[in-house]
Amino acid sequence: MTIGFIGLGIMGRPMAKNLIKANYKLVVFDKFAKFDDLVSLGAEGGTSNKDVAAKSDIIITMLPNSPNVKEAILGKDGVLEGVKNGALVVDMSSIAPAASQEVGAALKAKGIAFLDAPVSGGEPKAIDGTLAIMVGGDQASFDKAKPILDKLGSSVTLTGDIGSGNVTKLANQIIVALNIAAVSEAFVLSTKAGVDPQKVFEAIKGGLAGSTVMNAKIPMILDGNFKPGFRIELHIKDLQNALDTAHDLNVPIPLTAGVMETLQFLKNDGHAASDHSAIMRYYEQMAKIEVRK
Ligand code: NAD
């Protein structure tokens, strides 16, 4: 079986490496980034998204947002132009659920199966192969993809029909953004009140306020390290998809709207490409204090 892997950025590159390590035959392609490192590890270099599809039984895409996925799969020289009968396309990007449904329908019209399978866990878990993977699609396609997804993640869950993977991911992204904002607000207050933030972290991480988000982000913040990781501009993209999806369903999401404005400020303040832990910078600027070791 040959796996096509399209989109070799922060997440896609280590994921592709894990599949090579698991002895899968890979054909890889990225429209903008080089991929000589993957070729030297044994992958075949593709020449276009169409070329990758023509050589693969399962095609995985890991791209920024809905327009990139639509272009790579449905556009000129895209997957749909080259895809073989019986192939399965698995989009692991975080995109709007409606876009997943649109891509799935276009592939289905050609008899091609599709799963949306976005991930949570960021670059470290992409490297370790311990991502949380939330999948939308039919059971037969899920069963076909599962052994491959098991090499990329430690939890792989079928959540419902096509689009439900990305609905689940939107829920995930709301919780992560609000959690970083809550941690930031609390640590700015306790630091300004004169308590060592390292001690606050040690004291509360095992209690009810503890979270995976706090464990991952507070050490970075205390070091003043806002290198991505997960870029502010990608979180803006996810929250925009969350707001659009919620408003289509007449669901108000006021806390998400609030943190979205924080992210807009940070983008203007030169942090579009910083890690989303830079949400702390907004609270620090308001309180005129830095939360550092
Ligand atoms: P990235 O920008 O680093 O990588 C995306 C890659 O896609 C780039 O190398 C780009 O050149 C390529 N690309 C764009 N359009 C293309 C096209 N039409 N054809 C072929 N290649 C194309 O982004 P990333 O951080 O790897 O994130 C990818 C997806 O995973 C996003 O949807 C993101 O929200 C999601 N995600 C990221 C993280 C994280 O921590 N970085 C965590 C969970 C989920």
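The values are calculated or read from the model by the stated rules, or taken from the named source; none is laboratory data. All values derive from a computational prediction rather than experimental measurement. A quick note on method: Cβ atoms are made from the backbone with ideal geometry, for glycine too, and the neighbour counts reach across all protein chains shown. Side chains are part of the model used for accessible areas, which takes the heavy atoms of the whole protein and leaves out ligands, DNA and RNA. Shrake-Rupley method; radii C 1.70, N 1.55, O 1.52, S 1.80 Å.
Remarks
- Taking one quarter of the surface of the C-alpha convex hull of the chain gives a mean projected area of 15.6 nm².
- In nm, spacing of pseudo-spin labels at Lys192 and Asp269 (7 Å Cα→C-beta vector): 1.3
- Protein accessible area in the chain, 1.4 Å probe - carbon and sulfur %: 57
- Using only alpha carbons, the stretch 186-289 has a radius of gyration to Kirkwood radius ratio (Rg to Rh) of 1.00.
- Whole-Hz couplings from phi, Karplus 6.51/-1.76/1.60, listed for the stretch 76-88; x for Gly and Pro: 5, 6, x, 4, 4, 6, x, 4, 8, 4, x, 6, 10
- If R0 equals 30 Å, the separation of the Cβ atoms of Ala98 and Ser154 corresponds to a calculated FRET efficiency of about 0.55.
- Cα centroid of the stretch 170-197 to Cα centroid of the stretch 64-92, whole Å: 38
- Here the stretch 130-151 and the stretch 225-293 have alpha carbon centers that stand 30 Å from each other.
- The phi torsions of the stretch 34-41, fed into the Karplus equation with coefficients 6.51, -1.76 and 1.60 and a -60° offset, translate into couplings of 6, 9, 4, 4, 6, 5, 5, 8 Hz, rounded to whole numbers, with Gly and Pro shown as x.
- Full extension of the segment from Asp77 to Glu202, taken as 0.36 nm per residue of separation minus the current Cα-Cα distance, would add 39.7 nm.
- Solvent-accessible area per residue in the stretch 112-177 equals 37 Å², computed with a 1.4 angstrom probe and all protein chains kept.
- Most positive-pole-ward Cα, Val176, Thr262, Ala209, against dipole of the stretch 167-287 from beta carbon charges: Ala209
- Relative contact order %, the chain, counting alpha carbon pairs below 8 Å whose residues are six or more apart: 14
- With N the number of residues in the stretch 81-130, Rg(Cα) / (2.2 N^0.38 Å) evaluates to 1.35.
- Note, ³J(HN,Hα) from phi for the stretch 132-138, Karplus 6.51, -1.76, 1.60, rounded to Hz, x at Gly and Pro: 9, 10, 10, 10, x, x, 8
- Here the relative contact order of the stretch 57-104, from alpha carbon pairs under 8 Å that lie six or more residues apart, stands at 54 percent.
- Candidate membrane-span-like segments in the chain, meaning DSSP H helices with Cα atoms spread over at least 30 Å of their own axis and a Kyte-Doolittle mean of 0.5 or above, are 164-192, with no membrane implied.
- Average silhouette area of the stretch 139-227, convex hull of alpha-carbon atoms, in square nanometres: 7.7
- Between Phe226, Leu38, Ala96, the Cα set farthest toward the positive side of the dipole of the chain (charges on each charged residue's Cβ, about the Cα centre) is that of Leu38.
- Antiparallel beta bridges, as assigned by DSSP with both residues in the stretch 2-162, represent about 10 percent of the total such bridges.
- Binned Cα-Cα distances of the stretch 2-162, short to long, each 10 Å bin given as a whole percent: 12, 46, 37, 4
- Built amide H within the under 5 Å cut-off of Gly160, gap 5+: Gly137
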